[in-house]
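A short write-up of the structure that comes next.
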Amino acid sequence: MYVPTHFEESNVDVLHQLMQAHPFSTLITLSSTGINANHIPLHLIPQAGPFGALQGHVARANPVWGDLIQEVEALVIFQGPDAYISPSWYPTKQIDGKVVPTWNYITVHAYGTLRVIDDPAWVKNQLESLTTQQEASFEKPWAITDAPKAFTDHMINAIVGVEILITKLVGKWKLSQNQPALNQAGVVQGLQSLNQSEATRLASAVEKVQKKIR
């Protein structure tokens, strides 16, 4: 990924926060037939190693775990909020007109070797951790034990666990850092005017960047 210095985010805690807030990732691996891309939620274990570990599962029928070239590390992409940025939001448009559209976004790339774990007990623990995390905000959280054991055992046998010990993290926070302060303020105002949840989250991220730069 191309990351100009002014868009780089290297704080591991910040990267982990994005990964936890947006766990639905794109897992990219290499097989004997070429590149595979799978879209799966991955649970971050932040205390594992210097950059953490990612745990998840795939369907047993998915060839990603059986046809895997181990010598090539996997890439996992976590995508935060993103939005089109209109040049009409830049106050400098009225000064010289030298503005063009762009796209603001936040993303994290995690690298590491994919380990396959075909162990029902491990998979069950992973499912419980992921479910507990995702159900935490509900008034009555669902738990695996709410379903009949024979049913969940059958479902667990149909999936295989995967784990990636992260060896490298790359973060890109493209949030108008290359624009003057008045244009950054215009971007915040423009995004907020859309009245869309993702645009609002992105506006907040741009505001945080403004405070850092100041």
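Taken together, the values in this text are just the output of simple stated rules run on the coordinates, not laboratory data. Please read these numbers as outputs of a predicted model, since none were measured by experiment. All Cβ positions, even for glycine, are placed from backbone atoms using ideal geometry, and neighbour counts span all protein chains on display.
A compact table of results
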{"read-out": "Selection status of Asn195, surrounded by fewer than 12 Cβ atoms within 10 Å (Cβ to Cβ) and polar (S, T, N, Q)", "value": "yes"}
{"read-out": "Close pairs from the range 109-135: first farther than 16 Å from Phe24 by Cβ and without any contact (Cβ under 8 Å) to a residue 60 or more places away in the chain, partner of a type in the set (S, T, N, Q) and surrounded by 14 or more Cβ atoms within 10 Å (Cβ to Cβ), Cβ under 8 Å, at least 6 apart", "value": "Lys124/Thr152"}
{"read-out": "Residue count, the range 53-74 (criterion: surrounded by 22 or more Cβ atoms within 10 Å (Cβ to Cβ) and either under 27 Å from Glu198 (Cα atoms) or charged (D, E, K, R) (or both))", "value": "3"}
{"read-out": "Members of the range 85-98 that are over 15 Å from Gln192 (Cα atoms) and in contact (Cβ under 8 Å) with a residue 40 or more places away in the chain", "value": "Pro91, Thr92"}
{"read-out": "Of all residues in the range 157-192 being of a type in the set (Lys, Arg) and surrounded by 16 or more Cβ atoms within 10 Å (Cβ to Cβ), the one that is farthest from Ala110 (Cα to Cα)", "value": "Lys174"}
{"read-out": "Residue count for the range 153-193, restricted to those that are of a type in the set (Ser, Thr, Tyr) and either part of a loop (DSSP other than H, G, I, E, B) or without any contact (Cβ under 8 Å) to a residue 24 or more places away in the chain (or both)", "value": "2"}
